[in-house]
């Protein structure tokens, strides 16, 4: 199965970047990442609306505008993809309601947030992580069908069927949409399931306008269909530059913290790790630390900026904005910039 084009609207920058990378890996000329301004008039691309950080009403309005713009320029057979978080963070229902209210955008939303590569699967509509159901604050399993009840009164649950494969799944989707179902959830437990879903969506979008909704897992499976067997993908050639690397690690995840610890052990890396409260409320201490970082960078050493201590409850975006501002003078002489976390990347790039 071949998909002529894929346009991705993501709710945060890390998700948009993941999808752009998948597009670039799959097809020559694909993979444009849009942060602001006009959307590309052709090809496959991903745009970040930054709507996850907004209120539900704001996110719905932003998503509707972005999807409407993307849909207006959609070529025949191209598929519109709404990137969501694999653990369903953000305003999934509000954004899908807004999307389906855009005239002519899509007959239905087909939703599969599974990301098996990271242990995140969907079983009977319930999100699982490493085989265990994810529980909400009230102790109930995180049920996508219940969540999407706001989108359509009776969302439909489908399961990939290895017998009959994508053709059978496409027929089930087509029949449900003909009956007026506007929100369809599809289980997925492995990459083969995602491939079957991607193939069925690719076939069906040739016949009617659809909105595919999922995480980087489904996006990658769809992106793989952009490449014909005879296509040659030109790999990005990075410029050769021996200047220092600057990393801004605004994430508090244990994985990121371990990565920062490993970098700090390298002989030519200078680490500035300040408590979140210092980044936020101690400008003099930050200025002193950054003055030393600039000296280290001028000597050819790479610099890592990180936050330590506990994550601030209500000011995480302000934290990464302060870190991004401090990093600004270092970036001009850097050969490479490494950014962790969507909010961090957005703050630095803005």
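Testing residue 47 on (1) in contact with a strand residue (DSSP E or B) (Cβ under 8 Å, 6 or more places away or on another chain); (2) assigned to a loop (DSSP other than H, G, I, E, B), one condition comes back false. Which one is that?
Checking residue 47 against (1) in contact with a strand residue (DSSP E or B) (Cβ under 8 Å, 6 or more places away or on another chain); (2) assigned to a loop (DSSP other than H, G, I, E, B), the one that fails is (2).
Is one or more of the residues making up region 335-349 closer than 22 Å to residue 269 by Cβ, more than 20 Å from the chain's Cα centre (by Cα) and either buried (at least 16 other Cβ atoms within 10 Å of the Cβ) or in the same structural domain as residue 18 (by TED's automatic domain parsing) (or both)?
Taking every residue of region 335-349 in turn, none turns out to be closer than 22 Å to residue 269 by Cβ, more than 20 Å from the chain's Cα centre (by Cα) and either buried (at least 16 other Cβ atoms within 10 Å of the Cβ) or in the same structural domain as residue 18 (by TED's automatic domain parsing) (or both).
Please go through region 290-300 and pick out each residue that is surrounded by fewer than 18 Cβ atoms within 10 Å (Cβ to Cβ) and modelled with pLDDT of 95 or more.
Here is the first cut: in region 290-300, the ones surrounded by fewer than 18 Cβ atoms within 10 Å (Cβ to Cβ) are 291-292, 294-295, 298-300.
Correct list: 291, 292, 294, 295.
Give me the residue from region 248-264 that is in a helix (DSSP H, G or I) and modelled with pLDDT under 90 and, out of that set, farthest from the chain's Cα centre (by Cα).
My answer is 254.
Just checking, does region 177-186 include any residue being in a helix (DSSP H, G or I) and in the same structural domain as residue 118 (by TED's automatic domain parsing)? If you could, list the steps in order and put the result at the bottom.
Taking region 177-186 and keeping what is in a helix (DSSP H, G or I), we get 177-178.
Still in the running and in the same structural domain as residue 118 (by TED's automatic domain parsing): 177-178.
Yes: region 177-186 contains one or more residues that are in a helix (DSSP H, G or I) and in the same structural domain as residue 118 (by TED's automatic domain parsing).
Taking region 202-226 as the region of interest, how many residues are under 20 Å from residue 16 (Cα atoms) and in contact (Cβ under 8 Å) with a residue 40 or more places away in the chain? Talk me through it step by step, then tell me what you get.
The first filter runs over region 202-226 and keeps only residues under 20 Å from residue 16 (Cα atoms), leaving 210-226.
Retained after the next criterion (residues that are in contact (Cβ under 8 Å) with a residue 40 or more places away in the chain): 210-220, 222-226.
Number of matching residues: 16.
The values are calculated or read from the model by the stated rules, or taken from the named source; none is laboratory data. This one's a predicted model, so the numbers in the text were calculated from it and none came from an experiment. In this analysis, Cβ positions are derived from the backbone assuming ideal geometry, glycine residues included, and neighbour counts consider all displayed protein chains.
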